[in-house]
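The values are calculated or read from the model by the stated rules, or taken from the named source; none is laboratory data. Source: prediction; values computed, not measured. All Cβ positions, even for glycine, are placed from backbone atoms using ideal geometry, and neighbour counts span all protein chains on display. Note: areas computed on protein heavy atoms with side chains; ligands, DNA, RNA excluded. Shrake-Rupley method; radii C 1.70, N 1.55, O 1.52, S 1.80 Å.
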Amino acid sequence: MDRFHTNTALLMAARAVNADLFGFSHLLKRSQLARKTLPIPLAVSAERRALARMFLELSVAFHETIFPVDQTPSEPDPNLAVLVVAVMLGHAEGHPMNAGQLASEVRRSRTTTKRRLDTLIELGAIECIKGKYYLESMRAREVPHRDTFDLILSKAFAVLGPYLSKLDN
């Protein structure tokens with residue numbers, strides 16, 4: 001079995017186990033929260049919890065993709081993670097951005113953004129071609145840690161999907 005099919009089979013098995021565990025733990029946490037009276041009630045708490053968990057996990061996962069697979073990531077730096085996501089967005093939309101455009105996108109100064117872009121280039125996460133920033137070519141062709149992203153999204157949308165479908169009515 002080649003690497004792709006092995007990874008796909010492992011991912012499917014992990015999803016099945018995780019769906020079962022997530023479903024049970026989700027029900028358990030929900031019942032525990034139902035018994036707990038919070039001083040400030042939170043509307044759509046399960047959905048907000050799922051969204052917050054997804055955001056945090058995606059932030060850490062994006063940070064980890066900055067580093068080579070064989071290197072241990074540093075402490076999560078949300079500024080680098082947001083910037084690499086902005087570079088990916090421009091690349092994915094077919095309109096790669098220059099440093100000024102990226103600074104505007106992430107709402108930071110051009111100087112700070114340029115310094116962080118240089119760090120991302122040094123780490124091998126992105127490339128600068130004719131003043132525009134792209135994901136590094138291997139990272140553009142492949143999705144580092146794709147199984148992690150798939151798992152994060154599947155867990156979040158197990159809760160968010162039913163809520164979002166209600167909005168269509």
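Below is a table of values for the structure above.
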read-out: Leading residue by the ranking (nearest to the chain's Cα centre (by Cα)) among those in region 50-67 that are hydrophobic (A, V, I, L, M, F, W, C) and surrounded by 17 or more Cβ atoms within 10 Å (Cβ to Cβ); value: Leu58
read-out: Unmet requirement for Val44, which otherwise passes all of (1) modelled with pLDDT of 75 or more; (2) surrounded by 12 or more Cβ atoms within 10 Å (Cβ to Cβ); (3) over 27 Å from Asn79 (Cβ atoms); value: (2)
read-out: Options Leu135, Leu160; residue that is among the aliphatic types (A, V, I, L, M), in contact with a strand residue (DSSP E or B) (Cβ under 7 Å, 6 or more places away or on another chain) and surrounded by 15 or more Cβ atoms within 10 Å (Cβ to Cβ); value: Leu135
read-out: Only listed residue being small (Gly, Ala, Ser), surrounded by fewer than 19 Cβ atoms within 10 Å (Cβ to Cβ) and not in a helix (DSSP H, G or I), chosen from Ser154, Ser74, Ser104; value: Ser74
read-out: Yes/no for Pro144 being modelled with pLDDT under 95, of a type outside the set (Val, Ile, Thr) and closer than 27 Å to Ala46 by Cα; value: no
read-out: First in region 112-132 and farther than 16 Å from Pro78 by Cβ and surrounded by fewer than 16 Cβ atoms within 10 Å (Cβ to Cβ), second anywhere and of a type outside the set (Asp, Glu) and at pLDDT below 95, Cβ under 7 Å, 6 or more apart; value: Gly124/Pro68
read-out: Per-region count, region 116-149, residues assigned to a helix (DSSP H, G or I), farther than 25 Å from Phe55 by Cβ and of a type in the set (Lys, Arg); value: 1
read-out: Count of region 77-101 residues which are more than 19 Å from the chain's Cα centre (by Cα) and open to solvent by 50 Å² or more (accessible area, probe 1.4 Å); value: 4
